[in-house]
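The values are calculated or read from the model by the stated rules, or taken from the named source; none is laboratory data. As the structure is a computational prediction, the values presented were derived from the model and not from experiment. Quick reminder, even Gly has a Cβ in these numbers, built from the backbone with ideal geometry, and neighbours come from all protein chains shown. Side chains are part of the model used for accessible areas, which takes the heavy atoms of the whole protein and leaves out ligands, DNA and RNA. Shrake-Rupley method; radii C 1.70, N 1.55, O 1.52, S 1.80 Å.
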Amino acid sequence: MLEQDFPFVLLGRPAVTNPKDVWYVNNDNVRTGRLATEYLTLLKHERIGLILNRSDAVVSQDRTYGYKEALAQMNLPVRDDYLAYYTDQHTGSQDAFISVMSVPEPPTAIIAEDMVIFGILRTVQELGLRVPDDLSLVAFNNYMISELASPPVTSIDIQIFELGTQAMKLLFKQLEDSTSLPEQVIVPHQLIRRQSCSRWQG
């Protein structure tokens, strides 16, 4: 068990050898990555790009793993030129999107976080693309911006408020009993379908 001087709860899966030694609340991000990809394959997309923040982040690694799992299940290749990671959200994510779309056979669908998708929506017109006719988009997190975007963006709701609620419950449990063993809570997710995705007609 990890030594600690004060109660704490981590949001997200810890990058440690034995996560069971850590109090944390998380989503199953392997499954969120797989779900987003599977949904697009059901819409007949075969060229699916993935843009995530920092390749060394645990959440990015999990979502990438799920993405690759779904592609393998559909006998689709994992293309390195369809994978892009960024560090600076304001400039790096846009550069990542442009790099993914600049390949000879660009993706017909992109998966990324809400804030990145919002930036993509502002860029697609410059590339002469239409969402969802030419490019389908799926986001992670389901922030309010996804619903208010034009078109509204299909997103995986990670129930961010429930993540916070469960974290507080674990924190109070530690405060009430300092001898209690670490617990881990996995908050369920849900795909919210909106108008940013369509069946690929190519």
Exercise. Binning every alpha carbon pair distance of the stretch 1-134 at 5 Å from zero, what are the percents per bin?
Worked result: 2, 10, 19, 20, 18, 13, 8, 5, 3, 2, 1, 0
Exercise. For the chain, what is the relative contact order in percent, using Cα pairs closer than 8 Å and at least 6 residues apart in sequence?
Worked result: 26 percent
Problem set entry | Extension gain (nm, one decimal) between L148 and F8, 0.36 nm per residue minus Cα-Cα | 47.0 nm
Exercise. Rolling a 1.4 angstrom probe over the protein heavy atoms, how many square angstrom per residue are accessible across the chain?
Worked result: 54 Å²
Problem set entry | 4 °C / 1.567 mPa s Stokes-Einstein diffusion coefficient of the stretch 84-202, Kirkwood radius on C-alpha pairs, µm²/s | 80 µm²/s
Exercise. For the stretch 42-139, what % of the accessible area comes from carbon and sulfur atoms, probe 1.4 Å?
Worked result: 48 percent
Problem set entry | Net charge contributed by nearby residues that have their C-beta within less than 11 Å of Y143 (K/R +1, D/E -1) | -4
Problem set entry | More than 15 angstrom apart: percent of Cα pairs within the stretch 4-78 | 59 percent
